[in-house]
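The structure appears right after this line, and notes come after that.
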Amino acid sequence: MVPIPRRSVRSIGEAMVEMAPVGAGQYRRGFAGDTFNTAWHMAQWLGAVAEVGMITCVGQDALSDAFVAEMAADGMTLAGVSHDPLRHMGLYMIQLDGVERSFHYWRETSAARHLADDGAVLARALDGVGLAHLSGITLAILPAAARETLFAVLSEFRAGGGVVSFDPNIRPRLWASRTEMQETITRMLAGCDIALPSLDDERAHFGDPDAEAVLARMAGLGVAEIVVKDGAGPVTIHDRGATEVFATPPLTNILDTTGAGDAFNAGYLAARLMGDDVARCVAAGQRMAAAVLAHHGARASKEALAALRAPVARS
Ligand SMILES: Nc1ncnc2c1ncn2[C@@H]1O[C@H](COP(=O)(O)OP(=O)(O)O)[C@@H](O)[C@H]1O
Ligand SMILES: [Mg+2]
């Protein structure tokens, strides 16, 4: 595993306003988004041991201010967050039909789509950062030209010793076509150090029959470290040529599966940042995912996270 040179992390992507039902026609306003969820959990777990934030773009309005205030209150750095005077944060609403959840999005015109418009701003936001994390959702929401800018800036970042982690998080509806999705994700894989795919996604969208096939395809693209998640199934890891399989501890208290993969990424990457070995990184990912699975919504309770924090926050 390549060491992460500095204890400074930025997720690159979109945080949205979340409206979660609390009763008939009533909603609670929160904030969520895959890369934000990962950064937030890392910040909660690492505390003062690391500097964790987001490279994103929000609006210049009261809702965006509330989001930024929550980030700061939860110990995240605001470096990397820019404000667009003309646009707002995207929003999604959760609909409950019995226990089934469906999501409705209003994100086409969100400020975050412009987070990579300016390469110089992006490069400055990554200055001094050790780990940059992004996802297929980040790539999907960007205009084509901004994607090119992001690829170029990430390539410079890696050339300067920075580590890039990438979760393909494939959401077909966000992509213009299957070809565009496959080509863009493949390019990103070729330009990252740590890949964190989920087997379901890769099977459905790249036709990989099993975790070994995912490892083979991604290793073939030059990814040094590949971590394949598979829900209750084992975690399969490729690290510079060697494959290891780790069983997932069974859980009996699953309330909501939203955000399990994002939280796994947070635990795994937080432990990686601390220099832990692969078994400890996987265990950290599984514990973080378990905390989210036992909780409604994409983020675990702070109490559950505080209980998890001690083992990792040693320096
Ligand atoms: N049913 C489950 N039982 C135990 N752990 C689970 C279960 N579902 C998810 N997890 C945990 O969450 C992690 C990520 O789950 P997965 O479903 O693969 O990701 P995603 O949410 O991205 O689809 C797994 O590696 C595992 O640690
Ligand atoms: Mg996922």
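The values are calculated or read from the model by the stated rules, or taken from the named source; none is laboratory data. Here the structure is a predicted model, which is why all the values come from computation and not from measurement. With ideal geometry, Cβ positions are generated from the backbone for all residues, glycine too; neighbour counts draw on all protein chains shown. Keep in mind that these areas ignore ligands, DNA and RNA; they rest on the heavy atoms of the full protein, side chains included. Shrake-Rupley method; radii C 1.70, N 1.55, O 1.52, S 1.80 Å.
Whenever you get a sec, compute what percent of the accessible area on the stretch 49-181 sits on carbon and sulfur atoms (1.4 Å probe). Please list the in-between numbers first.
Values: 3230 of 5940 Å².
Looking at the stretch 49-181 in its full context, I get 54 percent from C and S.
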For LEU91, other-chain or 5+-apart residues with amide H closer than 5 Å (H placed, Pro excluded) are VAL17, TRP106, ARG107
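Assuming 0.36 nm per residue, please report the length gained on full extension of the stretch ARG29 to THR252 beyond their Cα-Cα distance. Walk me through the intermediate numbers first.
Numbers: separation 223, 0.36 × 223 = 80.28 nm, distance 2.85 nm.
Difference between extended and current length: 77.4 nm.
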Placing each pseudo-label 7 Å from Cα in the direction of the beta carbon, LEU91 and ASP118 end up separated by a distance in nanometres of 2.7 nm
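Ordering MET89, MET54 by accessible area with a probe of 1.4 Å, largest first, what comes out?
Final ranking, largest accessible area leading: MET89, MET54.
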In the chain the DSSP beta bridges are antiparallel at a rate, in percent to nearest 5, of 45 percent
What length, rounded to one decimal in nm, is gained on full extension from VAL22 through to ARG240, with 0.36 nm per residue of separation minus their alpha-carbon distance?
-> 73.8 nm
At q = 0.17, 0.18, 0.21 Å⁻¹, the log10 of I(q)/I(0) for the stretch 125-215 from a Debye sum over equal Cα scatterers comes to -0.72, -0.79, -1.03
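Counting trypsin sites (Lys or Arg not before Pro) as exposed when in a DSSP loop with at most 13 other beta carbons within 10 Å, what is the longest stretch of the chain free of them?
On the way: sites that count: ARG240, ARG314.
Counting only loop sites that pass the neighbour cut-off, the longest clear stretch is 1-239.
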Between VAL49 and THR186, with labels modelled 7 Å along Cα→Cβ, what's the label distance in nm to one decimal, could you check?
-> 3.9 nm
The set of residues whose placed amide H lies less than 5 Å from the amide H of LEU196, leaving out same-chain residues fewer than 5 positions away, is PHE166, ASP167, VAL227
In sequence order, what are the phi-derived ³J(HN,Hα) couplings for the stretch 13-29 according to the Karplus relation 6.51 cos²θ - 1.76 cosθ + 1.60 with θ = phi - 60°, rounded to whole Hz, with x for glycine and proline?
-> x, 10, 9, 10, 6, 10, 10, 10, x, 10, x, 4, x, 10, 9, 10, 8
For the chain, what relative contact order do you get, as a whole percent, if you take Cα pairs closer than 8 Å and at least 6 residues apart?
-> 17 percent
Quick one: work out Rg over Rh on the C-alpha atoms of the chain, Rh as Kirkwood radius.
-> 0.93
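With n ≥ 4 as the cut-off for DSSP H runs, can you work out [θ] at 222 nm for the chain, using -39500 (n - 2.57) per run divided by the number of residues, rounded to the nearest 500? Walk me through the intermediate numbers first.
Working: 11 runs with 126 residues, N = 315.
Theoretical 222 nm ellipticity from helices: -12500 deg cm²/dmol.
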Classify the stretch 184-303 as rounded, prolate or oblate, taking a ≥ b ≥ c as the square roots of the eigenvalues of its Cα gyration tensor: rounded when a/c is under 1.5, otherwise prolate if a/b is larger than b/c and oblate if not.
-> prolate
Roughly speaking, what is the stretch gain from ARG101 to GLN60, that is 0.36 nm per residue apart minus the C-alpha to C-alpha distance, in nm to one decimal?
-> 11.7 nm
What list of ³J(HN,Hα) values in whole Hz, one per residue of the stretch 255-261 in order, does the Karplus curve 6.51 cos²θ - 1.76 cosθ + 1.60 (θ = phi - 60°) give from phi, with Gly and Pro shown as x?
-> 9, 6, 8, 4, x, 4, x
Cα-based Rg and Dmax for the stretch 29-173, in Å, come out at 15.4, 51
List the residues whose amide H sits under 5 Å from the amide H of THR77, counting only those 5 or more places along or on another chain, with H placed 1.01 Å from N in the peptide plane.
-> VAL52, GLY53
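Please report the antiparallel percentage of the DSSP beta bridges confined to the stretch 15-111, to the nearest 5.
On the way: 14 of 22 bridges.
The antiparallel fraction comes to roughly 65 percent.
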Integer Hz, Karplus 6.51/-1.76/1.60 couplings in order for the stretch 296-302, x for Gly and Pro = 6, x, 7, 10, 6, 6, 5
